[in-house]
Amino acid sequence: MNNPETAAAATFFRWIVEHPKRIIALGLLLILACGSFIPQLSKDTRSDAFLADDNPALIYRDKVKKIFGLSDPMVIAVVSEASIFTPEGLNTVAAVTAAVRMINNVDPDGITSLATENNIVGTDEGMEVIPFFEGTITNQQQADAVKDAIADFPLYQGSLVANDQKASLIIAELLDETYNEQTYAEIQSTLATLPLPPGYQLHIAGEGAISGYLGSYIDADAQRLNPIAAAVITMILFVAFLRLGSTLMANIIIAAAAAITVGTMAASGVPFYVITNALPVILIGIAVADSIHIYSEYFERRALYPQESIETAIVASMVEMWRPITLTTLTTAAGFLGLYFAAYMPPFKFFGLFTALGVCVAWLYSLLMLPAAMSLLKTPVHPRLAKRIRSQGHDRFAQVMVALGNRVQGSAKLIVSLFAVAMVLSAVTASQLRVDEDRIATFHPSEPLYQADKVINAHFDGSNYLDIVVDANEAEGIFEPAVLQKMEALQQYAQTLPWVQGSTSVVDYLKQMNRALNEGDPQQYRLPTDKDLVAQYFLLYSASGEPTDFEEEVDYDYRLANIRVSLNNGAFADNKVVVEKLERYLANQFNDANVSATLSGRVNLNYHWIKDLGRSHFIGTGIALFLAWLVSALLFRSAMAGIYALTPVAASILLVYSAMVALSIPLGIGTSMFAAVAIGLGVDFAIHTIDKIRSLYPNSGDIHTTLQRFYPTTGRALLFNLLAIALGFGVLVTSKVVPLNNFGIIVALSVSTSFLVSMTLLPAMIILFKPRFIGVKTALLPINDDAEENSVLSKAGLSKTVVSIALLSGIGLLNHSGELFASESTATKPLPEGRWIAEQINAVDEGIHRVSALSMKLVDRNNKERLRETQTFRSYVGAEKRTVLFYLTPRNVKNTAFLTYDYPQADRDDDQWLYLPALRKARRISASDRGDYFLGTDFTYEDIKKEGKFELSDYHFKSLRTDRVHGKELLLLEAIPVDNETAQELGYGKVHSWVDPSNWIIIKAEFWDINQNPLKTLRVEDIRQVDGIWTRHRLRIDNHKTGHHTEFVFAEVDYQQPLTENIFSRQSLTRGVPR
Amino acid sequence: MNPQATASARTLQKWTLLGSIFLSLPLFTQTALAAEVSGLLKSQTAFSLQGGGLQQQKWLLDLEYNDALGTGQLTAIGRLRFDTVDDLNPSRSARAESYSSIGGPWLSGKHVDAGLRELYWQYSAESSFWQIGKQQVVWGEADGLKLLDRVNPQSFAEFILDDFDDSRIPLWMINAQFTVAENATLQLLWIPDSSAHELAPEGSVFAFTSPTLVPTPVPGLSPIIDMAKAPGAIFKDSDLGLRFSNFVAGWDYSLNYLYHYVDEPVVRAQILGADLRVTQQYERSHLLGGSASTALGNWIVRTEVAYETDRYHRTQTNLPGVIEADQWSSVIGIDWQGWTDQFVSLQWFQTYIRTDSDDLVRKPRENTLTFLWESSFFNETLSAKWLQIHSIDHGDGIFRPRLSYNYASNVDIYIAADLFYGDQAQLFGQFDHADRISIGLNWGF
């Protein structure tokens, strides 16, 4: 009986192969339709994009930015080898300030530098606010004056001028951060043309620069990585198959996956985030796997069964491969969806969702467009590849796997114990895993921006800002000395915290003003004690200063004030301490009924952004593990099997965590994505392992025998699968984006661990615990040893192709020529080859036309007989065979007629009609069930149709021996269906035929069912020539299962009577037997 | 001429015709093939599930004679029907009227019918085939309900429960088929026999009562009913059929045209003075349609579409009680043969009356589903079948389970049930009272 699922799949893929153009047209249309949205794709490489728009920290930060006119500025450092306080140094600061002010998107009033800031000095009238310097500094005296002024203005020490006086900053606020990237580029190009005195350097850094440069940096990286990935994959494909057609198609599928995914992102208004850059590379790695598997299966079929039509090979390959491909797609998509469900940051959510979509698109195109294109391209298998495929055997890799298998079988207990210990140790180590993220660490240390950041943080208070917004609850509340003192205390506290190098607020200006008004007495560098005095200070300042000078420190009605704290470290783990301590300080010692303060700024935002990363990662990992368990448990219909399947990935994740601890790789934005990918890819090893062991185990009932078969076949295939994945993700190792680099390494590590655990711990656990699910057969099970061999290569899904890659890479290559047949001929040397015998049988002359009377006797196990008399007509129209059979008696079935068109193409179903007189209609019947029994007889439709011959593409043939029967030497020919599907279609697992070499007529045949139980015996008698053609006149077939037998007796056989085509028409069936 | 005299004249004509054919047979039997006689005896006993008693105890004997005649082949099938109970046919008064002068049975009584079922001569030439005589021609792909299968009328004495092969009324016709290309055939039918459907007599178990099919009585008026009369002119009233069928790229398709009298009379009512006069008249229609089928692996897809002009449909308004409108019908069927010895079929029928009138008794658009499952066991000796027809729009339908056993080569026995359900005003629901269980025997010899 056919497996309905397989039959449906065959029907489906046959339809695709028969309608390639419309499938390809639709496929291309979809790519174009989705791809047409790509130009609308918006890019969002801002750090803020990692937080949802409604995140409270983000909303508050934006509010603060608006109130105080703050942004993520561009920070330019002028660094001198000696002091900056020289005419050249100060003039350079002035020149850079002037140049930056002219740049688009730079706020001309938002530039802070020595050339823009004012000194506060006491005068007789009170206080004067004057620039540190104006125009050009012409001599050292002027420069020294500036130096002295700064020395008297502690606020600018460390913030505007380096503590060692060798550098000065120009801080440029931007008008619109959307254009950070362009502004950064413009500043770079502008400053590059600026003449610098010898010994001077310019560095550009700051949050504005980081977010500005990150976009182009990652773009450039992607533009470099994607072609490398594509080139590597193209190379693998070409090396694997030596054919451009397959290489082209795999690339088209990659393009489809990428274009449709990115197009859908654009169409749904989802922007392209920083981490989205990893998507195409990952898709390239995953998408190509499907094509590799399919082509591998296809080329293997073409190599092994060259007589089979291309269409049949494609359909058979697809039928064999759709299931494992679907399965791995499901598990991979489940991994990415875990990320989608658990992530709280929009870029991660969308990354998970769209990568899952891309994986599914690749799957869809591999199942639909690939076979359609294959049927058009008709790419032939390369002769070298064909030769190597035919000479399959245990190469070096298989031997390695066998050795590993032997070790595992010998030390199952030890392995399980070792893993148990390793897991405990890993769990302990993994608990030390740090969550950390430093955006500057995204850049490679050789990047100018990275170096600029280091320089600025070394010379100044730091380029990382934390804002503390003080709310005095009423207008002019900031003037209250109590509030100001609290702010001063807060600043002092902040400066005790690690990495905090300085802070700026209105308090510092007031202290400076107080000092200025007290004749510059350093002792008077303190806050005024009277509210009115504070108000007067501001009034005095406004008399000579710019109205916007305090814009960044206090709001217009003096209710809100900002304290900007500078840190010289942007790492989350370090900032976390500062933020949390400050939050505690504010809650316990600052906030009261009159005044309160809230944290804001980039450092606070990063803290909120990253602080949930760990939790989100673990939840995502949990969901991905659950989904992988669910898919596996459903597949194997066993919850326990799901747990076994999960063991390798769970172990690998744990090991990766501890490795990250050991290598000091923190869990950050890039690395946190690894688990989703590792689970999706890693679980495949376990699934294939369990599936194969389950399929092999029932054959022997012995786990050791099973494993001995498992390691050199599936184990070997999985090894190559691992190598393929490693190559795909290996490309990321060349990335200059450090988190992506780490991501590539970690994924490679975890997938390798999954493989290793699947090959060692999993079998060891099965040996030790003997889980029940191993003994349960499923629909996936192969039917016999030979079919199983096919199933190993294909169903395990893992690249036979990759097997071919190795073969072709020249690694572990085997013998050169067709050993497949050599082994047969050495075993039975005097015998002709099996296939040759089958060809002789098929070559027996049948005549063009044939008319005969056929008596059928159907006898059940109780010897109850049923008789039918029929008239048969058969004619060849070219290579197409048409047969019609009319029932003559008994009257109950009289005029029942059966017409069949048997096409020469092996992959084309016959067309069949059955005329039922009760309906008076010839109705179309399905011809795909070749193994169904013909109208109640013990012959199948295929038996009737083939008339004692073979469809060569259905079987592997082998000549076994000669037997002497009734004084005749007969050749015993063994025919074994080429694969599980064919066996199921035919209903036979094996056929032994005794062939008379004098006329090549089969005179006896034994049939076994797909489970290798004896099924039927055919005996052919009364073989004699009619019109010079050897003709079988009496056939008896006994069904051993039912006890039923059928006898056919042919009479009045006539090969001479010409038959018109009219007899073989559907209409003729309604007319009764032709007379 | 009085009806009795007409019937006698017809009977005489037929006996004369048949007698002369049979007498002439020996003259033509000088061919290689010997004359061949075979027979089939069918018996069916049906028990009414509502009344509890016998609904039917029928014996049907078909005798078939095949012989060469000239350069062709003659087939004659005679039928004798005998029913000991026959609740289905309490009177045959209406029966003869639906037959043409050349189409009716020879004998028709309460318990016995006898007649020439089929009689035709076949002749095959290189690119043509001729079948001349009384015969059945079946068009279309649909099972169970008829769209294109309109060439022969049908007996509704047992509604649609009888085998179509038995209930279809063979007609005298010339059936010529020409091979016009490889696999392409053009069929021409000229049908001078205008016999129409035979409806179950009023008061019988399967008499139509649904208002969608028959007029509802007007209270206080006793109708005067004119019986329908089959059109009688051989040439003027003959039907013409044309079918082009072909097989291309795995698809069988046909294009069909039939110019014919619709086989059920149009019933019109009018008030003449104090009387309500009900007239019944056969009306012509053009039937245009096509059918197609193909196999897709284990699946067979079948479809059929028909467009009929000038159909008459019952209205809610009593007078005249019908309106004329064209009608579309279509069916899409899929058969599944994926499992050994199993056959599953699903069909979706749809009819659409092209009218804006909201006066129709039935809905302008109606949908019916059929489901068929057949399974055979033990080398096809035992077979089980389940057929269900269900009206989506009215919720009525019929279940038809059947179990049959091939007792010997030539003997089949079976047990079956026909179970109606639904609103009694609807097509199937109207027979809700007619549920039955049958046992039967088919014996070939």
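Tell me the volume per residue, in Å³, of the convex hull enclosing the alpha carbons of region A:947-1037.
Per-residue hull volume (Cα only) is 101 Å³.
Compare B:317, B:279, B:340 in a GNM of chain B, Cα atoms joined below 10 Å, and give the one with the largest fluctuation.
B:340
How many percent of Cα pairs in region A:285-398 exceed 18 Å?
Working: 3716 of 6441 pairs.
I get 58 percent for the Cα pairs in region A:285-398 exceeding 18 Å.
Have a look at A:621, A:679, A:1058 and report the one farthest towards the positive end of the charge dipole of chain A, computed about the Cα centre with Cβ charges (Lys/Arg +1, Asp/Glu -1).
Going by the charge dipole, the pick is A:1058.
Taking chain B as a Gaussian network, Cα atoms linked when under 10 Å apart, which of B:274, B:425, B:228 shows the biggest mean-square fluctuation?
B:274
Looking at the P(r) of region B:303-408, how many percent of alpha-carbon pairs lie beyond 22 Å? Show your work: numbers first, answer last.
Values: 2750 of 5565 pairs.
Counting every Cα pair in region B:303-408, those more than 22 Å apart make up 49 percent.
What percentages make up the Cα-Cα pair-distance distribution of the protein assembly as shown when the bins are 10 Å wide from 0?
1, 7, 12, 13, 12, 11, 11, 9, 7, 6, 5, 3, 2, 1, 0, 0
Using helices alone, I'd like the mean residue ellipticity at 222 nm for chain A: each DSSP H run of four-plus residues gives -39500 (n - 2.57), total over residue count, nearest 500. Walk me through the numbers before you get to the answer.
Values: 35 runs with 538 residues, N = 1075.
Theoretical 222 nm ellipticity from helices: -16500 deg cm²/dmol.
Summing +1 for each Lys or Arg and -1 for each Asp or Glu, what net charge is found among the other residues whose Cβ lies under 10 Å from the Cβ of residue B:364?
Within the 10 Å Cβ shell, the charges total +1.
To make sure I understand the rule: partners must be lysines, Cα under 20 Å from the Cα of residue A:166, and not fewer than 8 residues away in the same chain. Which ones qualify?
Output for residue A:166: A:147, A:454.
Could you tell me the convex hull volume per residue, in Å³, taken over the Cα atoms of region B:120-224?
134 Å³
Please identify, among B:66, B:183, B:175, the residue showing maximal mean-square fluctuation in a Gaussian network model of chain B using a 10 angstrom Cα cutoff.
B:183
With point charges of +1 on the Cβ of Lys and Arg and -1 on the Cβ of Asp and Glu, referenced to the Cα centre of chain A, which listed residue (A:59, A:143, A:652) lies farthest in the positive direction of the dipole?
Result: A:652, furthest along the dipole toward the positive end.
Round to the nearest 10 and give me the degree value, 0 to 90, for the angle of helix A:140-151's Cα axis relative to the longest principal axis of chain A.
Approximately 80 degrees, to the nearest 10.
Given R₀ = 45 Å, FRET efficiency for residue A:104-residue A:662 by Cβ-Cβ distance, to 0.05?
Given R0 = 45 Å and the Cβ-Cβ separation, E is 0.40.
Please give the charge dipole size of region A:383-493, origin at the Cα centre, charges +1 on K and R Cβ atoms and -1 on D and E Cβ atoms. Round to the nearest 20 debye.
For this selection, approximately 2220 debye.
Just going by the charge dipole of region A:866-1012, with Lys and Arg at +1 and Asp and Glu at -1 on Cβ, which of A:984, A:919, A:1005 is farthest out on the positive end?
A:919
Based on Cβ point charges of +1 for Lys and Arg and -1 for Asp and Glu, what charge dipole magnitude is obtained for region A:437-480 about its Cα centre, in debye rounded to the nearest 20?
440 debye
Between residue A:26 and residue B:35, what is the spin-label point distance in nm, taking each point 7 Å from the Cα along the Cα→C-beta axis?
6.2 nm
Would you calculate the volume per residue, in Å³, of the smallest convex hull containing every Cα atom of region A:237-326? Don't skip to the answer; put the middle values down first.
Numbers: hull volume 9.6 nm³, N = 90.
In region A:237-326, the Cα hull volume divided by residue count equals 107 Å³.
Based on C-alpha coordinates, I'd like the Rg and Dmax of region A:186-277, in Å.
20.3, 61
How many percent of all Cα-Cα pairs in chain B sit more than 43 Å apart?
Value for chain B (Cα pairs over 43 Å): 12 percent.
When DSSP beta bridges are limited to those with both residues in the protein assembly as shown, what percentage is antiparallel, rounded to the nearest 5?
Taking every DSSP beta bridge with both residues in the protein assembly as shown, the antiparallel ones total about 95 percent.
What percentages, rounded to whole numbers, describe P(r) for region A:261-301 computed over all alpha carbon pairs with 10 Å bin width beginning at zero?
In order of increasing distance, the bins hold 25, 35, 23, 14, 3 percent.
Apply 1/(1 + (r/R0)^6) to the Cβ-Cβ distance of residue A:768 and residue A:855, taking R0 = 51 Å, and write down the FRET efficiency to the nearest 0.05.
0.20
For chain B, what does -39500 (n - 2.57) per DSSP helix run (n ≥ 4), summed and divided by total residues, give at 222 nm, in deg cm²/dmol to the nearest 500?
Details: 2 runs with 30 residues, N = 445.
Estimated from H runs of four or more residues: -2000 deg cm²/dmol.
Would you grab the residues whose amide H sits under 5 Å from the one on residue A:1034? Only those 5+ places off in sequence or on another chain, please, with H modelled 1.01 Å from N.
Excluding prolines and chain starts, which carry no amide H, the hits are A:1021, A:1050.
Evaluate the charge dipole of region A:917-1013 about its Cα centre and quote only its size in Debye, nearest 20, assuming +1 on the Cβ of each Lys and Arg and -1 on the Cβ of each Asp and Glu. Present the calculation step by step, with values, prior to reporting the outcome.
Working: 14 positive and 17 negative charges, 89 e Å.
With Lys and Arg at +1 and Asp and Glu at -1, about 420 debye.
Kindly flag which residue pairs out of A:894/A:1004; A:66/A:531; A:387/A:949; A:857/A:1004 have an alpha-carbon separation exceeding 22 Å in this structure.
Result: A:894/A:1004; A:66/A:531; A:387/A:949 exceed 22 Å.
When 1/r is averaged over all different Cα pairs and the result inverted, which Kirkwood radius in Å belongs to region B:146-196? Walk me through the numbers before you get to the answer.
Details: mean 1/r = 0.0786 Å⁻¹.
It works out to 12.7 Å.
Coordinate-derived values only; no laboratory data. No experiment lies behind these values; they were computed from the predicted model shown. Using ideal geometry, Cβ is built from the backbone for each residue, glycine included, and neighbour counts are taken over all protein chains shown.
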